[in-house]
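Each reported figure results from applying straightforward, stated rules to the coordinates on display, with no laboratory input. What you see is a predicted model, and the numbers here were worked out from it, not measured in a lab. Neighbour counts run over all protein chains shown; Cβ positions are idealised from the backbone, glycine included.
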Amino acid sequence: MRPVLRFAAKALVGLLLLQGVFLGLLVAAQAVPNGPIIDTLAAAVRTGDYGAPYAPDGVGGTADKFTECVVVGYGVTSPDDPRSVWYRATGAPRLDACEQGRGEIELLASGGSLIPPAGYFRYWSGYSVLTRPLLAVTDMASVRLVVSGLFGVACLGAFLALARRAGTPAAFALFVPLAAASNAIAMPSTAFSHGISLAALAAGVALTAVTARTGWRGAALGAGGAAALFCYADLLTVPPMSWALCAAVAGAVAHRARPGLLPTLRVVLAAGLAWPVAFVVTWVSRWVIAACVQGLGVFRRVQEIGEYRLDGGDVSQQFGAAIGANWTWWVQHTATAVPLVLAGAVVVLVSLVLAVRRHGAQGALVAAVLAAPALVVPAWYTVLSNHSQIHAFFTYRSLPAALGVVVMAAVVAAARAPRSDPALRPEPDLSMGGGARSRRRRPATR
């Protein structure tokens, strides 16, 4: 138990130090002059690239342009704002979004004075490390292009990292449902704020796949780092997707490296516990930093928003309503959803039969352990019912991710153990005189 506690203490110290890095990057982003950013936003208003809160995503759903407006307006104030960079970075002023934001941008572009309140500290807004420098030197179309590139590289990295360590079938099983039955791949070009979040998510999955091969400690560090990065860049879009994918990928990689029920269970538990701890620590750190500048009233405002997201608003209060809302949105706006669910069910059934034939009852148990992270998604919907119902048009993406987790679990459980993995080769037997035992048969004694 003591080694576990020592590891946890060291990991927590590292996580807290990471918050300092996050803060430094946030301050550097806020130090970018607002003048060029205002010019870029004014041009986007004239071309119509800024202003509409929602738009078709090109694949049957809705693109969240509102959040994109929030992202590009983050930290934007008059050049004559007397508040320090430190105050603005920790307090997070931002323009109103979309329709209201158009007028504010036009006012600023005409030389008017506008100093928004610094009260948007609920999120880290780490996306500004990317968006503010880009908006200062280029246009909105180029920002979308950069985000698309980052998204593509991160997704490719996640796929290759998993394929190399858990097998190509496992990688396809995990990522095909998300790519083929959601609007995730359309986000960088239609609502790039979501593209940034998904790129951070994919990078975290790649990190977890790389570190989990060393065992439960590596899995915990990888999943914890993934959670911190996602919390830094995201605005509460699809946290359960990141959580479920990281825990599932850690388990799949660990099982491939060291087949067995208990080792796999330890890794899944380590990653599954490390992710929410790191996510919460990172998020609370943001509020603590804001409170150091604006006082303890920060926590009261965060509490009010939290209570509203948990059970407030004009939404159904029925238990599990958010699960139904997200399922309904998914199947009604994604033509491939139902066929993919049916295909996934067939793959799972066939894989489970193979798993039992090859590995006995343990094969089925391994599949259950690897599939368990998928339960994070309905649990999240149930706890954050208000948010998950109001924003079902993008929170639904966690459903195909959960499907991918279940399919991958069955595929990995059914796979044969690798025959020539150097990490699995037994050490040579140096007994009997210090030399390796010969495998040749001795001739029979007559």
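Amide H contacts under 5 Å for Ala63: Ala55, Asp57, restricted to partners 5 or more places along the chain or on a different chain, H placed in the peptide plane at 1.01 Å from N. Only Lys, Arg, Asp and Glu carry charge here, each on its Cβ (+1 for the first two, -1 for the last two); on that basis segment 113-253 has a dipole of about 300 debye about its Cα centre. Projecting the Cα atoms of Phe393, Ala92, Ala413 onto the dipole axis of the chain, where Lys and Arg carry +1 and Asp and Glu carry -1 at the beta carbon, places Ala413 farthest toward the positive end.
Put a dot 7 Å past the Cα of Ala417, heading toward its Cβ, do the same for Met1, and the two dots end up 3.3 nm apart. Contact order for the chain, expressed relative to its length and based on alpha carbon pairs under 8 Å spaced 6+ residues apart, stands at 16 percent. Tell me, what does the Kirkwood hydrodynamic radius of segment 151-284 come to in angstroms if you use every pair of distinct C-alpha atoms? With all distinct Cα pairs of segment 151-284 included, I get 14.4 Å. Against the set (i) 175; (ii) 159; (iii) 197, the structure's computed volume of the Cα convex hull per residue in Å³ falls on (i). For the chain, the longest principal axis of the Cα atoms and the long axis of helix 361-371 meet at an angle of about 10 degrees. Contact order for segment 13-139, expressed relative to its length and based on alpha carbon pairs under 8 Å spaced 6+ residues apart, stands at 35 percent.
Stokes-Einstein diffusion coefficient for segment 13-139 at 20 °C in a medium of 1.002 mPa s, Rh from the Kirkwood formula over Cα pairs: what value in µm²/s? Before the final figure, lay out each step's value.
On the way: Rh = 15.1 Å.
For these conditions, the coefficient is 142 µm²/s.
Placing pseudo-labels 7 Å out from each Cα toward the beta carbon at Ala335 and Ala8 gives an inter-label distance of 5.1 nm. How tilted is helix 34-47 with respect to the longest principal axis of the chain? Cα atoms for both, answer in degrees (0 to 90, nearest 10). Computed tilt is about 90 degrees.
Using only the Cα atoms of segment 176-227, build the gyration tensor, take square roots of its eigenvalues as a ≥ b ≥ c, and label the shape rounded, prolate or oblate: rounded if a/c is under 1.5, else prolate if a/b is larger than b/c, else oblate. Could you put the intermediate results ahead of the total?
Values: a/c = 4.31, a/b = 2.19, b/c = 1.97.
Cα axes put segment 176-227 in the prolate bin.
Between helix 2-30 and the chain there is an angle of about 30 degrees, using the helix long axis and the longest principal axis of the Cα atoms. Where in segment 84-127 does the label zone of Glu304 land, with the point 7 angstrom along Cα→C-beta and an amide N cut-off under 14 Å? Once the point is set 7 Å along Cα→Cβ of Glu304, 119-122 turn out to lie under 14 Å by backbone N, inside segment 84-127.
If only the Cβ of Lys and Arg carry +1 and only the Cβ of Asp and Glu carry -1, the dipole of segment 13-139 around its Cα centre is close to 380 debye.
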